[in-house]
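**Student:** One structure is given below, represented as structure tokens, and several questions about it will come after.
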Amino acid sequence: MGKTTGFMEYDRAEAAHRPVRERIGDYDPYLLPSSEADIRTQSARCMDCGVPFCHAALHVAGTSIGCPLGTLIPEINDLAYRGDWEMAYRRLALRHPFPEITGRVCPALCEGSCVEGNYSEPVAIKDIERTLATQGLAQGLSRPRIPAPTGKTVAVVGSGPSGLATANALSLLGHRVRVYEREDRPGGFLLYGIPNMKLEKSIIDARCALLTAQGVEFCCNCEIGTDRSIEQLKAEHDAVVVCIGARQQRRMQVPGSDAQGVYTAIEYLTATTRQLLDGTALAAGLSAEGREVIVVGGGDTGTDCIATAIRQGAANVSALEIMPALPAERAADNPWPLWPRVRKTDYGHEEALEVFGREVREYETTVSEVLQDAGRCIGIVSVQVRWERDGSGRFTPVELPETAATRKADLILTAMGFTGVEPALAAKLGLPTTPRGTFQASEGDALGRGGFATPVPGVFVAGDARRGPSLVVWAFQEGIRAARECDKYLRR
Ligand SMILES: Cc1cc2nc3c(=O)[nH]c(=O)nc-3n(C[C@H](O)[C@H](O)[C@H](O)COP(=O)(O)OP(=O)(O)OC[C@H]3O[C@@H](n4cnc5c(N)ncnc54)[C@H](O)[C@@H]3O)c2cc1C
Ligand code: SF4
């Protein structure tokens, strides 16, 4: 423990944000770097708990708490406090393949269960991780490691976080890895999904360059199931790991929702990032400039749409969320160390508040109709809902017709989540799915061993495609564990 009295002396402080008016003029990161002094103060708050809850995915009350990667948080905090940044980075990198990514995008499950959060505010673990990881990567502390080759080759399908983590782990075990990606660049939702202001794309380029130097081959613009079959991959490689995500988008199904001007969040965010990377113009229909924008659905994706629309110069943005607003503080049935289900003001909401002078989120509200003129959307009918239990005891939204209101809308972005693996793709790959829309995989045991093999010998699955729509940190964990199972199969 760095400073025994640190937790009593210092308050939690998070990394500063760039001023809203400045940052909405570009797509650069909204977070400012933290100084070494700030990070030392924040890590001094760590109590080096006898039983730390921050660093392991423990199962409590049917849910998982703490870091799924088993990041050595108390040790890292201690080393950061002492100013031994190189060793702190090395301890961080020991359990975590890509900390510079979670340091930017993770909701920080570790902080949700930090013991200090039970008494005051949790240690700012995510800022400490981001700062150490950014410096470590820039200083070349993460170097390609090339072990003795095993002579085995593995095909990884998909290059999102689970594919990258699988490829990294398998190549470190000496297997030759080729990653097949249907997009023009690797990264999955890290690239075409999460916007640049939250995760700058140079970070993904730097990581992919390290993976390439480590012997991983990237084969982009190649869709498995269309350009090549799983059978071909099986014939060319000793094993296959499928990491294609859970990308079947939930679409709005109300009268008029086929109008021009209605896009999914992924279409919109992908086009914006592509324009940024290629330096080309955004298709006119997709730009929010001067438009009345309605974002349907909350969550990270909805926030990213709000922030992007503001940068494009939207005349107005409203975000409709069908769920009720979360409370400001933990409810009685949501005690520490469970993940705090509380209302947050993310970067996009902060920007909307300043630009439009109001909270743009409207809860328990949805769209009942899209109004069109000559095929183009011109407005919506919004309606409030009340959540009631149906005959089977499930909470369902009931529309309240008396609240129906017509409003102008030129651009509607649906961020309504994902229902699982794309069914057409699953059929082409010939892999069976579960009723949850994920790929079927073997049962794992209570210690987290096993659970990634499909019924097709030599074919494994990982990431959202196995777990269902989730988080980047879980995709990393899935990739590491699937690689372990695949390695066992290769060495059988
Ligand atoms: C807009 C948005 C914002 C998000 N923000 C956050 C956040 O802030 N924090 C967080 O933790 N999580 C966030 N998430 C969730 C997170 O990004 C996902 O949980 C994670 O990316 C899943 O990783 P994955 O590797 O399983 O799949 P994906 O990232 O979906 O990657 C799958 C890859 O497989 C490729 N592919 C698909 N089919 C084929 C095929 N047949 N052949 C070849 N390649 C194929 C795809 O092109 C893609 O590159 C966000 C998601 C979205 C959409
Ligand atoms: S739970 Fe919090 S205070 Fe305790 S060791 Fe982990 S980071 Fe430090």
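**Student:** Can you find, among Ser35, Pro423, Val295, the residue sitting farthest towards the positive end of the charge dipole of the chain, where Lys and Arg contribute +1 and Asp and Glu -1 at Cβ?
**Tutor:** Pro423
**Student:** Can you order the peptides 399-406, 167-174 by their average number of other Cβ atoms within 10 Å per residue, highest first? Write down the numbers at each step before the final one.
**Tutor:** Details: 399-406: 11.2, 167-174: 22.5.
Result, highest mean Cβ count within 10 Å first: 167-174, 399-406.
**Student:** With a ≥ b ≥ c taken as the square roots of the eigenvalues of the C-alpha gyration tensor of region 6-138, please select rounded if a/c is under 1.5 and otherwise prolate if a/b is larger than b/c or oblate if it is not?
**Tutor:** On the way: a/c = 1.42, a/b = 1.37, b/c = 1.04.
Rounded, because the longest to shortest axis ratio a/c is under 1.5.
**Student:** Hey, another quick one. With r as the distance between the Cβ atoms of Leu32 and Asp333 and R0 = 30 Å, compute the FRET efficiency 1/(1 + (r/R0)^6) and round to 0.05. Mind dumping the intermediate values first?
**Tutor:** Values: r = 37 Å, r/R0 = 1.23.
So, using R0 = 30 Å, E works out to roughly 0.25.
**Student:** Counting other Cβ atoms within 10 Å, which trypsin sites (Lys or Arg not before Pro) in region 139-217 have at most 12 and lie in a DSSP loop?
**Tutor:** Values: sites: Arg145, Lys152, Arg176, Arg178, Arg182, Lys198, Lys201, Arg207; in loops: Arg145, Lys152, Arg182, Lys198.
Qualifying residues, ordered by number: Arg145.
**Student:** Measure off 7 Å from each Cα along the Cα-to-Cβ vector at Val20 and Ser392, then give the distance between these two points in nanometres to one decimal.
**Tutor:** With each label point 7 Å from Cα toward Cβ, the separation is 4.2 nm.
**Student:** Let me ask another. Toward the positive end of the charge dipole of region 92-213, about the Cα centre and with charges on Cβ (Lys, Arg +1; Asp, Glu -1), which of Gly103, Val157, Ile203 goes farthest?
**Tutor:** Val157
**Student:** Let me ask you something else. Quick check: pseudo-label points 7 Å beyond the Cα along Cα→Cβ at Leu400 and Ser64, how many nm apart are they?
**Tutor:** Rounded to a tenth, the inter-label distance reads 3.8 nm.
**Student:** Trypsin sites (Lys or Arg not before Pro), restricted to region 333-427: which are DSSP loop and have at most 14 other Cβ atoms within 10 Å? Before the final figure, lay out the partial values.
**Tutor:** On the way: sites: Arg341, Arg343, Lys344, Arg358, Arg361, Arg376, Arg386, Arg389, Arg394, Arg407, Lys408; in loops: Arg341, Arg343, Lys344, Arg358, Arg394.
The qualifying sites are Arg341, Arg343, Lys344, Arg358, Arg394.
**Student:** Given R₀ = 45 Å, what would the calculated FRET efficiency be for Asp227 paired with Asp48, taking r from the Cβ atoms and rounding to 0.05?
**Tutor:** Numbers: r = 52 Å, r/R0 = 1.15.
Once the sixth-power term is evaluated, E becomes 0.30.
**Student:** Moving on to the next point. Filter Lys3/Lys344; Lys126/Lys344; Lys152/Lys201; Lys428/Lys488; Lys3/Lys126 down to the pairs with a C-alpha to C-alpha distance above 25 Å, please. Please report the intermediate quantities before stating the final value.
**Tutor:** Working: Lys3/Lys344 30 Å; Lys126/Lys344 16 Å; Lys152/Lys201 31 Å; Lys428/Lys488 27 Å; Lys3/Lys126 19 Å.
Those over the limit are Lys3/Lys344; Lys152/Lys201; Lys428/Lys488.
**Student:** I'd like the distance between the alpha-carbon centres of region 301-361 and region 166-236, rounded to an integer number of Å.
**Tutor:** Using only Cα atoms, the two centres lie 32 Å from each other.
**Student:** Might you report the magnitude of the Cβ-based charge dipole of region 6-138 about its Cα centre, with Lys and Arg at +1 and Asp and Glu at -1, to the nearest 20 debye?
**Tutor:** Values: 13 positive and 19 negative charges, 57 e Å.
Dipole magnitude for region 6-138 comes out near 280 debye.
**Student:** Please state the relative contact order of region 303-444 as a whole percent: Cα pairs under 8 Å, 6+ residues apart? It would help to have the intermediate numbers written out before the result.
**Tutor:** On the way: 187 pairs, mean separation 23.2, N = 142.
Worked out over region 303-444, it gives 16 percent.
**Student:** For Leu326 and Met1, calculate 0.36 nm times their separation in residues minus their Cα-Cα distance, and state this gained length in nm to one decimal. Each step should come with its number before you reach the end.
**Tutor:** Details: separation 325, 0.36 × 325 = 117.00 nm, distance 3.51 nm.
That pair, Leu326 and Met1, stretches by 113.5 nm at full extension.
**Student:** What shape does region 394-492 take by its C-alpha gyration tensor, where a ≥ b ≥ c are the square roots of the eigenvalues and a/c under 1.5 counts as rounded, a/b above b/c as prolate, and the rest as oblate? Don't jump to the answer; show the numbers that get you there.
**Tutor:** Values: a/c = 2.77, a/b = 2.54, b/c = 1.09.
Prolate shape, in that a/c is at least 1.5 and a/b is the bigger ratio.
**Student:** Another question, if that's okay. Does anything in region 280-321 have its amide N under 16 Å from the 7 Å Cα→Cβ label point of Asp205, and if so which residues?
**Tutor:** 280
**Student:** While we're here: Mind checking which of Pro335, Leu353, Ile412 is farthest towards the positive end of region 322-450's charge dipole, using Cβ charges of +1 (Lys, Arg) and -1 (Asp, Glu) about the Cα centre?
**Tutor:** So the residue furthest toward the plus end is Pro335.
**Student:** Rounding to the nearest 20 debye, state how big the charge dipole of the chain is about its Cα centre with +1 on each Lys and Arg Cβ and -1 on each Asp and Glu Cβ. Before the final figure, lay out each step's value.
**Tutor:** Values: 54 positive and 61 negative charges, 281 e Å.
The dipole magnitude comes to about 1340 debye.
**Student:** Find the relative contact order for the chain and round it to a whole percent, using C-alpha pairs within less than 8 Å whose residues are 6+ positions apart. Before the final figure, lay out the partial values.
**Tutor:** Working: 1054 pairs, mean separation 78.1, N = 492.
Computed over the chain, the figure is 16 percent.
**Student:** Can you give me the distance in nm between label points at Val342 and Asp445, each placed 7 Å from the Cα along the Cα-to-Cβ direction?
**Tutor:** Label at Val342, label at Asp445, 4.0 nm between them.
**Student:** What area, in nm² and to one decimal, does the C-alpha convex hull of the chain cast on average over all directions?
**Tutor:** Values: hull surface 97.4 nm².
Projected area, direction-averaged: 24.3 nm².
**Student:** For region 251-416, what class follows from the C-alpha gyration tensor (a ≥ b ≥ c being the square roots of its eigenvalues): rounded when a/c is under 1.5, otherwise prolate if a/b is larger than b/c, else oblate? Write out the running numbers ahead of the final one.
**Tutor:** Numbers: a/c = 2.01, a/b = 1.30, b/c = 1.55.
In terms of gyration-tensor shape, oblate.
**Student:** Within the chain, what percent of beta bridges assigned by DSSP are antiparallel, to the nearest 5? Display every interim value, and only then the final one.
**Tutor:** Numbers: 26 of 58 bridges.
Bridges in the chain are about 45 percent antiparallel.
**Student:** Relative contact order of region 6-138: what whole-number percent is it, with Cα pairs under 8 angstrom and at least 6 residues apart?
**Tutor:** Details: 218 pairs, mean separation 35.7, N = 133.
RCO, region 6-138: 27 percent.
**Student:** Another one. I need the calculated FRET efficiency for the pair Leu353 and Ala213, taking r as the beta carbon distance and R₀ as 51 Å, to the nearest 0.05. Don't jump to the answer; show the numbers that get you there.
**Tutor:** Details: r = 44 Å, r/R0 = 0.86.
That gives a FRET efficiency of 0.70.
Laboratory data are not the source of any read-out in this text; all were calculated from the coordinates shown. Everything numeric in this text was worked out from a predicted model, so none of it was measured. Every residue, glycine among them, receives a Cβ derived from its backbone with ideal geometry; neighbour counts consider all protein chains shown.
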